[in-house]
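Notes for the one structure printed next.
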């Protein structure tokens, strides 16, 4: 058929090759840890390693089936990061004085995360469907964000109240809230972008929007300040506000939003830093991590990274366990120590690639919602990496965000797999040839009952 | 919306650049200073996780790292126990290190820049890192002989090669077993260390170089004699007043000889004879005739008051400043506030043995990397030239007569010419003398110079003299070197 000749390549085979390489690197790293620490291959090398590979390949097969045109680089990168995170968490479990076995838990959450991502690929054949639930998502997101403030289930861990506890599990709802709110923002901004960008007055040369259009923005600002003040978490606050301002800028193309947003945020942080002791301590330690009589957490992380130098000590041969939270908040210094500056650069490059692929999906996307959502998700990933890595390397004061895919922590892993699934879905839509949907539809009309999805998809595009 | 997405991409790129810069700053630019921060446990642990180079005497390792199963990975062991403790020092996780372990730490643990290219190949080929090994100048036989001869007596022995300055033996007593402090059982290490610190005999002290410096007694007469001969106004045969006791100018006090009687017929004695029998009155008056500046200047040329490291730093010996006449008289016989280390006195003998040229003492012959390539080796260096060849020859002649017919006949080795000088430094009532002997042999072609200090009379107690207690120890060390 002439139509099939014009089909662009799905690039699924590229993904397969990259995925094999990623899994191979993870398995080599896992073997390396075993050999370095116990002088033998891990006893569960074939079962756990094989299981990990099966999970990744399963996702790959799902993509072949349900999202054939999805970006071929995302899954291999995320598999590599998730796998390296598992290896490092396992390696820190083996260190003397480790409290509990975090790696099996993380492995379980990996499976849960992949399952959630696969489910999303199945349940959401077109990302535009998500727009149906714009305000439900928004409400759910803000409620989730504020749940740690509730009595009974709210938990204060390490000075930040961003956790909820249910039974034996603790969960960071902000991770999931991040996705819901990104969907809400994207959908809301696509609707109101014209009002936000065209109507308004100029004040001091800055085009300001109308007061009623400002409403939701002020709500977002207050919500993020609320997180900052009541949950004492600069990182989450920065993440949400940054996400919102970034998306607002992309939607309206007005730089004034960035200036207004940054201004509001700086004022909020400055006031908080005056009012809250917890905050002042963070700032003092940011400026002088060796301040006597204060937490030496950053200092220990810095010493760990310095010990790694350019090439690192090698997996299993450093002492990342000397830093507190070496497998969660401080997993980046753990990698810096054992894989060296070279290894950290590689990890940062992997994150950079995820973000770049996300933005590329946004650029290629044919609908405003897809563009905004992909941008938001990619930008949130970038912000989170910046806040976490910047926090441990003294670019900004330390805050308690997780490192996507690397840190031990179920909620974070689950949320990040969902983000990747959304990006895969958007990129699939973006790259899927327009003729393809029609051809499929025609084919299906010939043989079977018309599905309800196709007309809806068409309506969305119109 | 694509234009702002691209611009946002630029912002993200800038954010990632900030992270690349910050990580580079930490892991590359500031890495060294962070590693060197006090209290950095990683640096300490890192020095354990690599195979530390050995410290060698001859072909035998006296400090070697052995593989262990615990978190430290390598255990530092000292196969000869306490024998080389004062040279190697200890290597302890809790208490740091001393001796060569400390002075050569960078090379032993492989972090020295001198090993850079080797480290680079290790990184590239994935070999396990290994420190460099340090070859000492110590002569195992001399060290063993010195330790055996000194026994349990409190004191120290130093032997030098007079031609090079290489240290052939360095023993102090009491000492300690460095294995106790290098152990990975940190509780035991702590109790061992506390016990060593509390011990009044101060076993952690290296008496050869850092002791509570003792007065050198009559061995200091060598320096008076050197000053006299160098002045040109005296020869070996110049006559000096040698009464039974010398009235100290301006006082009613007398400075006596070690025996009741004159040093020679009519209270006169030659420079040589006075040294042979260790006549106090003759050398006290010689010191006063020469003047304190001449004596002090000669002492300084020999190394008194001068910094020295071998590579452990040596406590400088002392000749006091601005003395009155009675003080000068007492200082001239190595009493009053004169203080000397055994190493210093060995250097005096070595200088005379080497024709007046004093060599800088050193403990490390060479350093080799894991491939046995020499990374550095020590070339003998002249420390100073305090006396001329002819003065040295005269002093050699005088010192030989000390051994053949004077106070140190106990140091004589059959068939070998030995040159030496005894010292017996009084401390006043309640304490026995610190006794000294310094010597070299063979006198006609010296291969070893030695100094022995035994504190508080050693096993002999009140009756102790340099000739009785210290000279036999020196003899055994010299025999060990010469191979008799």
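The values are calculated or read from the model by the stated rules, or taken from the named source; none is laboratory data. Bear in mind that the values here come from a model prediction, so they are computed numbers and not experimental data. Here the Cβ is made from the backbone with ideal geometry for all residues, glycine too, and neighbour counts use every protein chain on show.
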Subject >> Where residue B:328 falls short, out of the listed (1) outside any loop (DSSP other than H, G, I, E, B); (2) in contact with a helix residue (DSSP H, G or I) (Cβ under 9 Å, 6 or more places away or on another chain); (3) more than 21 Å from residue B:171 (Cβ to Cβ); (4) modelled with pLDDT of 90 or more >> reply: (4)
**OP:** Test residue A:421 against the criterion of being part of a helix (DSSP H, G or I), within 14 Å of chain B (Cβ to nearest Cβ), modelled with pLDDT of 95 or more and buried (at least 22 other Cβ atoms within 10 Å of the Cβ), and give yes or no.
**Re:** no
Original post:
Does residue B:6 fit the bill of being facing chain A (nearest Cβ under 8 Å), assigned to a helix (DSSP H, G or I) and at pLDDT 85 or above?
Top reply: yes
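Here is a yes/no grid of residues against (1) in contact with a helix residue (DSSP H, G or I) (Cβ under 7 Å, 6 or more places away or on another chain); (2) under 15 Å from residue A:421 (Cβ atoms):
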site	(1), (2)
A:74	yes, yes
A:83	yes, no
A:95	yes, no
A:104	no, no
A:134	yes, no
Original post:
Of all residues in segment B:161-173, which are at pLDDT 90 or above and farther than 17 Å from residue B:100 by Cβ?
Top reply: B:161, B:162, B:163, B:164
Subject >> From A:301, A:268, residue being within 14 Å of chain B (Cβ to nearest Cβ), assigned to a helix (DSSP H, G or I) and either out of contact with any strand residue (DSSP E or B) (no Cβ under 6 Å at 6 or more places or on another chain) or free of Cβ contacts under 8 Å to residues at least 60 places away in the same chain (or both) >> reply: A:301
Original post:
Of all residues in segment B:350-369, which are in a loop (DSSP other than H, G, I, E, B) and closer than 15 Å to residue B:389 by Cβ?
Top reply: B:354, B:355, B:356, B:357
**OP:** Restrict the check to segment A:405-412 and report whether at least one residue is assigned to a helix (DSSP H, G or I) and surrounded by fewer than 24 Cβ atoms within 10 Å (Cβ to Cβ).
**Re:** yes
Original post:
If we only count helices (runs of 4 or more DSSP H) wholly inside segment B:110-217, which ones have 3 or more residues that are on the phi < 0 side of the Ramachandran plot and in contact with a strand residue (DSSP E or B) (Cβ under 8 Å, 6 or more places away or on another chain)?
Top reply: B:140-150, B:178-182
Original post:
Any idea which of A:246, A:309, A:318 is surrounded by fewer than 24 Cβ atoms within 10 Å (Cβ to Cβ) and within 13 Å of chain B (Cβ to nearest Cβ)?
Top reply: A:309
**OP:** Would you mind telling me which numbered condition in (1) crowded, with 21+ Cβ neighbours inside 10 Å; (2) more than 10 Å from chain B (Cβ to nearest Cβ); (3) touching a helix residue (DSSP H, G or I) at 6+ places or on another chain (Cβ under 7 Å) residue A:329 fails?
**Re:** (3)
Subject >> Filtered residue count, segment A:396-410, keeping only those that are more than 11 Å from the chain's Cα centre (by Cα) and more than 14 Å from chain B (Cβ to nearest Cβ) >> reply: 6
Original post:
Within the group B:438, B:382, which residue is surrounded by 17 or more Cβ atoms within 10 Å (Cβ to Cβ) and under 27 Å from residue B:234 (Cβ atoms)?
Top reply: B:438
Subject >> Failed criterion for residue A:328 (all others in (1) within 24 Å of the chain's Cα centre (by Cα); (2) closer than 28 Å to residue A:410 by Cβ; (3) in a helix (DSSP H, G or I) hold) >> reply: (3)
**OP:** Take residue A:415 and decide whether it is out of contact with any strand residue (DSSP E or B) (no Cβ under 6 Å at 6 or more places or on another chain), within 11 Å of chain B (Cβ to nearest Cβ) and at pLDDT 90 or above.
**Re:** no
Subject >> segment A:347-395 - residue that is part of a loop (DSSP other than H, G, I, E, B) and crowded, with 21+ Cβ neighbours inside 10 Å and, of those, nearest to the other protein chains (Cβ to nearest Cβ) >> reply: A:393
Subject >> Verdict on residue A:251 being under 25 Å from residue A:199 (Cβ atoms), in contact (Cβ under 8 Å) with a residue 40 or more places away in the chain, within 11 Å of chain B (Cβ to nearest Cβ) and outside any loop (DSSP other than H, G, I, E, B) >> reply: yes
**OP:** Within segment A:276-296, track down each residue that is more than 14 Å from chain B (Cβ to nearest Cβ), assigned to a helix (DSSP H, G or I) and either over 27 Å from residue A:238 (Cβ atoms) or touching a residue at least 12 places away in the same chain (Cβ under 8 Å) (or both).
**Re:** A:278, A:279, A:281, A:282, A:283, A:285
**OP:** Take the residues in segment B:386-426 that are at pLDDT below 85 and surrounded by fewer than 15 Cβ atoms within 10 Å (Cβ to Cβ), then tell me which one is farthest from residue B:461 (Cα to Cα).
**Re:** B:409
